[in-house]
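Notes follow once the structure below has been shown.
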Amino acid sequence: QVQLVESGGGLVQPGGSLTLSCAASRSIFSANVMGWYRQAPGKQREFVARIFSGGTTYYADSVKGRFTISRDSAKNTVYLQMNSLKPEDTAVYYCNYYNSGHDYWGQGTQVTVSS
C-alpha cells in the first residue's frame, strides 16, 4: 500500500501561480511513474503531467509550457508547479503512483482559478 497526500491547492486569480505537493509514504523511485490528474465538475478525470522513474516527463497539451512536474527523492514528494493559471484549470487535482499494475491515488486538492 502507498498513501499519497496532496497539498497546496487554493484560490488564485487568472495569471497566478500555485505549487501542488504530493507526499508519498514510500520511496517515489519505487514507482514506475508518478503523475498528476485533474477532474473538473461534470467532467471525467484527465491526465495533466507525469514523471517516469528515469526522469522523463510528459504533459497534456493544455498545460504544456505552463506547468512543470518535478520531484524530491529525499522527501518522497512530487510537485506540480502551475503558472499562468486559467479559469479552465479549475479542478480537483489528484496525485497518482503507479507500479507494476498497481494504481494508488491521493484524496485530491482543490484548485480554483477565479477573479
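Quick notes on this structure:
- With every protein chain in place, the chain: carbon and sulfur % of accessible area (1.4 Å): 46 percent
- Label sites at T112 and Q44, each approximated as a point 7 angstrom past Cα along Cα to Cβ, lie 2.8 nm apart.
- In the full protein context, region 1-93 carries 51 Å² of accessible surface per residue, based on a 1.4 Å probe and ignoring ligands, DNA and RNA.
- What you get for the chain, charging only the Cβ of Lys and Arg (+1) and of Asp and Glu (-1), is a dipole of about 80 debye around the Cα centre.
- All lysines inside 17 Å of K64 as judged from Cα atoms, apart from same-chain residues fewer than 8 positions distant: K86
- Considering only alpha-carbon pairs that sit under 8 angstrom and 6 or more positions apart, the relative contact order computed for the chain is 37 percent.
The values are calculated or read from the model by the stated rules, or taken from the named source; none is laboratory data. Remember, it's a predicted structure, so these values are computed and weren't measured experimentally. In this analysis, Cβ positions are derived from the backbone assuming ideal geometry, glycine residues included, and neighbour counts consider all displayed protein chains. SASA here: full protein model, heavy atoms, side chains in, ligands and nucleic acids out. Shrake-Rupley method; radii C 1.70, N 1.55, O 1.52, S 1.80 Å.
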